[in-house]
Amino acid sequence: MKDQLFPDNSHSLVKKYLSKTLYDKLKNRKTTSGYTLNHAIRSGIINPDSDIGIYAGDAESYETFSELFNPIINDYHTFTQGKHHTRDLACSDLPALDPENKYIISTRIRVARNIDGFPFTTFISADQRYQVEQLILKVTNNLPKNLQGDYFRFKDILKSKTNSLKSNSFPKRGDRFQEAAGVTRDFPDSRGVFLANNQKFMIWINEEDHLRIISMEPGSDLSGVFNRLSKAISILEKSLKFSFSKKYGFLTACPSNIGISMRASVHIKLPMLNKQKKALYKTVEQNKLQIRGTSGEKSNIENAIFDISNKQRLGINENDCLAILSKGIKEIIMLEQKTQV
């Protein structure tokens, strides 16, 4: 069955772990919302270059299809069964990574969240998506002054002829992996961006998950960016209950984002290491970090500007994640200073 489902050139984790026996065992199961195994693996079948190839349709998916999700999660996150997720959103007090602003251009931290009781974006109905949007917008009305802002609907962004609404910080329509998973259905309805007036905080609504909560600013003040995010999350959690598992932490549409579901990153200019990428990638790997292109995942490195972030999201808490990123970036900056070409 596996060979019939997946192309020969597929190397996804779902292909690796979905045997014919397991497929037959799971194929007739459904979550309460009606999500099936065939829904879950559709993106991996259509896109042979998928790394994981499976999406959850709701929080229940992780239990209903646990025989498949568990080994995939263990493999991707190197997570040992029997462990439990821990949280630590207490305010951080790390020193600035690059106080003279010689290397780090900006710092950005985002977390993904889904509202409990609703299907994820992969399987949500148009009416439910609208309900999610309205619930989130109601909460944004109660944000403190330093987080207050305006909501920009995707429909308006797409129609706008001004560059101010087409910022690179705003999400675009989902990629082909998300499209095959069902994330982009009914686009751009009930989707948008809440952007704070100070441009340092935003919430993407109904992108890959119900919420992508983002804190960012120029420079290298990692703690400042995190503390703003932490305060915003605590306010949101007073009114919104998020999908959460004691074992896997915050649950997301893509299993790569479960756990703290946090990606803390810096945009950093490394002209010397751009010519010595082997040394850079070795240091990144040793510090459990990852590199993305200048404009994000699967983009190119432009003008020697790298996007470097934490790699681990499961089996680690938020403050430990920040400490690992801080240590790694400091080592990378020192390596940049020492590198001769």
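The values are calculated or read from the model by the stated rules, or taken from the named source; none is laboratory data. Given the structure is predicted, the values throughout are model-derived calculations rather than measurements. Every residue, glycine as well, gets a Cβ built from its backbone with ideal geometry; the counts of neighbours run over all protein chains shown. To get the accessible areas, we keep the full protein, side chains included, count just its heavy atoms, and leave off ligands, DNA and RNA. Shrake-Rupley method; radii C 1.70, N 1.55, O 1.52, S 1.80 Å.
Are any residues in segment 1-28 in a loop (DSSP other than H, G, I, E, B) and open to solvent by less than 70 Å² (accessible area, probe 1.4 Å), and if so, which ones? It would help to see each step written out before you state the result.
Within segment 1-28, the subset in a loop (DSSP other than H, G, I, E, B) is 1, 6-12, 18-19, 27-28.
Matches in segment 1-28: M1, F6, P7, S10, S12, L18, S19.
Please specify each residue of segment 63-99 satisfying the condition of being aromatic (F, W, Y) and open to solvent by 80 Å² or more (accessible area, probe 1.4 Å). Write out each step before concluding.
First, the residues of segment 63-99 that are aromatic (F, W, Y): 65, 69, 76, 79.
The one that is aromatic (F, W, Y) and open to solvent by 80 Å² or more (accessible area, probe 1.4 Å): Y76.
Given the criterion touching a residue at least 60 places away in the same chain (Cβ under 8 Å) and over 24 Å from I72 (Cβ atoms), identify the matching residue among K277, K246, K238, K269. Don't jump to the end; show me each part of the working.
Details: K277 fails: touching a residue at least 60 places away in the same chain (Cβ under 8 Å); K246 fails: over 24 Å from I72 (Cβ atoms); K238 fails: touching a residue at least 60 places away in the same chain (Cβ under 8 Å).
Exactly one of K277, K246, K238, K269 is touching a residue at least 60 places away in the same chain (Cβ under 8 Å) and over 24 Å from I72 (Cβ atoms), namely K269.
Only one residue in N300, N317 is in contact (Cβ under 8 Å) with a residue 24 or more places away in the chain and of a type in the set (S, T, N, Q). Which one?
Values: N300 fails: in contact (Cβ under 8 Å) with a residue 24 or more places away in the chain.
Testing whether each residue is in contact (Cβ under 8 Å) with a residue 24 or more places away in the chain and of a type in the set (S, T, N, Q) leaves just N317.
Quickly run through segment 214-250 and pick out the residues that are within 26 Å of T184 (Cα to Cα) and open to solvent by less than 20 Å² (accessible area, probe 1.4 Å).
Across segment 214-250, the qualifying residues are I214, S215, I233, L236, L240, F242, S243, Y248, G249, F250.
Is it the case, given these coordinates, that I104 is crowded, with 19+ Cβ neighbours inside 10 Å, over 20 Å from the mean Cα position of the chain (by Cα) and not aromatic (F, W, Y)?
Details: crowded, with 19+ Cβ neighbours inside 10 Å: yes; over 20 Å from the mean Cα position of the chain (by Cα): yes; not aromatic (F, W, Y): yes.
Yes.
Exactly one condition in (1) in contact (Cβ under 8 Å) with a residue 40 or more places away in the chain; (2) buried (at least 19 other Cβ atoms within 10 Å of the Cβ); (3) closer than 13 Å to S265 by Cβ is not met by F306; state its number.
It fails just one condition, (1).
Can you tell me how many residues within segment 1-36 are among the hydroxyl-bearing types (S, T, Y), over 24 Å from the mean Cα position of the chain (by Cα) and farther than 23 Å from P119 by Cβ?
So the count comes out to 2.
When only residues in segment 121-173 that are open to solvent by 60 Å² or more (accessible area, probe 1.4 Å) and acidic (D, E) count, which is modelled with the highest pLDDT?
Step one: of segment 121-173, the residues open to solvent by 60 Å² or more (accessible area, probe 1.4 Å) are 127, 130-131, 134-135, 138, 141-142, 145-146, 148, 150, 153, 155-156, 158-159, 161-164, 166, 168, 172-173.
Next, only the ones that are acidic (D, E) stay: 127, 150, 156.
Numbers: D127: 98, D150: 95, D156: 85.
Top of the filtered list is D127.
H39 - would you say it is assigned to a helix (DSSP H, G or I) and under 26 Å from the mean Cα position of the chain (by Cα)?
Numbers: assigned to a helix (DSSP H, G or I): yes; under 26 Å from the mean Cα position of the chain (by Cα): yes.
Yes; evaluated as a whole, the condition is true for this residue.
Looking only at segment 174-183, decide whether some residue is β-branched (V, I, T) and not in a loop (DSSP other than H, G, I, E, B).
The first filter runs over segment 174-183 and keeps only residues β-branched (V, I, T), leaving 183.
Those still in the list that are not in a loop (DSSP other than H, G, I, E, B) too: none.
No, segment 174-183 contains no residue that is β-branched (V, I, T) and not in a loop (DSSP other than H, G, I, E, B).
Please determine, by comparing only the residues of segment 203-213 that are aliphatic (A, V, I, L, M) and crowded, with 24+ Cβ neighbours inside 10 Å, which one is nearest to F242 (Cα to Cα). Steps first, please.
In the first step, residues of segment 203-213 are kept if they are aliphatic (A, V, I, L, M); the result is 203, 205, 211, 213.
Those still in the list that are crowded, with 24+ Cβ neighbours inside 10 Å too: 203, 205, 211.
Values: I203: 15, I205: 14, L211: 10 Å.
The extreme case among them is L211.
Of the conditions (1) hydroxyl-bearing (S, T, Y); (2) touching a helix residue (DSSP H, G or I) at 6+ places or on another chain (Cβ under 9 Å); (3) surrounded by fewer than 16 Cβ atoms within 10 Å (Cβ to Cβ), S295 clears all except one; give me its number.
For S295, the failing item is (2).
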